[in-house]
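Only one structure is covered here, and it is reproduced in the block below.
Readers should treat all values here as calculations from the given coordinates under stated rules, not as data from a laboratory. Computed from a prediction, not measured in an experiment: that's the story for all the values here. Cβ placement follows ideal geometry from the backbone for every residue including glycine, while neighbour counts extend to all protein chains displayed.
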Amino acid sequence: MENRKQVITAMETYAKEHQVPIIDTESLRFLVDFFAKNQVTSILEIGSAIGYSAIQFADQLGAKVVTVERDEQRFELAQQNVLQAGLEDQIELHLHDALEWDFAAAYPQAQFDALFIDAAKGKNLQMFEKFAPYAKKIIITDNVLYHGLVETTDHIRNRRTRQMIQKIRTYNEWVLNNPEFDSYLERIGDGLIITLRKDENHV
Ligand SMILES: C[S@@+](CC[C@H](N)C(=O)[O-])C[C@H]1O[C@@H](n2cnc3c(N)ncnc32)[C@H](O)[C@@H]1O
């Protein structure tokens, strides 16, 4: 759809101009391909920003996407973008802090083919614990290398950055060694951890 392409290009320009972090091209291509190979048709996304990745997943995979954002201005932009892209039947946007959201009340017994964790990077572990039970088989965590800083030694001066990087490291080790799942690191974009549930009978 020509208009949708224009909306997507305008979103990329807006994100660059306003420093909104959106998924990089390489990671997006990888995920679309990976989701397609795994017949993913429903995605729960934590961290919508202006709706860019949700629109790409809905457009390229025909997937249904439920996504949550806590920043009101970004949420409103995401709503406008979804409408302009004509994807309001496929994307449900929510304005909440994901960790405070009564998700079970909003989506009782919901199960999604994939969970995409792309919110506050220091909160990956809490996001995983809260939302992984709703993912049938695939959980993706983005930015796990945090611009390469996660793997460098501790020369980072800023205390808050250091603490956040430590949290990302703790999460990465925890998820990579979690016996319920098979997880591996994909060194593309800013680093993705792909997690697959071992128990296929999970509901
Ligand atoms: C990296 S951006 C998301 C990018 C988006 N997935 C994309 O690729 O187009 C992360 C977003 O998560 C939001 N966020 C951070 N912590 C959150 C939370 N606890 N609940 C909901 N949204 C959160 C931020 O406001 C930010 O807009």
Taking Cα pairs closer than 8 Å and at least 6 residues apart, the relative contact order of the chain in percent is 18 percent
Among Ala110, Ala120, Gly148, flag the residue with its Cα farthest along the positive direction of the charge dipole of the range 92-166, charges on Cβ as +1 for Lys/Arg and -1 for Asp/Glu. Gly148
Relative to a virtual label point 7 Å from the Cα of Glu76 in the Cα→beta-carbon direction, which members of the range 34-70 show backbone nitrogen distances below 19 Å? 48-52, 68-70
How far is it, in nm, from the label point at Lys16 to the one at Trp174 when both lie 7 Å from their Cα along the line to the Cβ? 3.7 nm
Students often get this wrong, so check it: of Lys16/Lys130; Lys16/Lys137; Lys16/Lys64; Lys136/Lys198, which have C-alpha atoms separated by over 21 Å? Lys16/Lys130; Lys16/Lys137; Lys16/Lys64
Distance-filtered residues of the range 36-78 - backbone nitrogen under 12 Å, label point 7 angstrom along Asp97 Cα→Cβ: 70-71
Simple Cβ-charge dipole of the chain, Lys/Arg +1 and Asp/Glu -1, about Cα centre, in debye nearest 20: 560 debye
Within a Cβ distance under 9 Å of Ile43, other residues only, what is the Lys/Arg minus Asp/Glu net charge? -1
How large is the helix-only mean residue ellipticity at 222 nm for the chain, computed as the sum of -39500 (n - 2.57) over DSSP H runs with n ≥ 4, divided by its residue count, in deg cm²/dmol to the nearest 500? -12500 deg cm²/dmol
How large is ³J(HN,Hα), in whole Hz, for each residue of the range 93-104 in order, when computed from phi with the Karplus curve 6.51 cos²θ - 1.76 cosθ + 1.60 and θ = phi - 60°, using x for Gly and Pro? 9, 10, 9, 7, 6, 4, 6, 9, 5, 7, 5, 4
Estimated inter-spin distance, Gln60 and Leu196, nm [label 7 Å along Cα→Cβ]: 2.0 nm
When the chain is treated as a GNM, springs tying every alpha-carbon pair under 10 Å, which of Asp113, Asp89, Asp142 comes out with the largest mean-square fluctuation? Asp89
Rounded to the nearest 5, what % of DSSP beta bridges with both residues in the chain are antiparallel? 35 percent
Loop-located GluC sites (Glu not before Pro) in the range 64-171, at most 12 other Cβ atoms within 10 Å (DSSP): Glu100
Between Phe181, Phe75, Phe116, which gets the highest mean-square fluctuation from a Gaussian network model of the chain, Cα cutoff 10 Å? Phe181
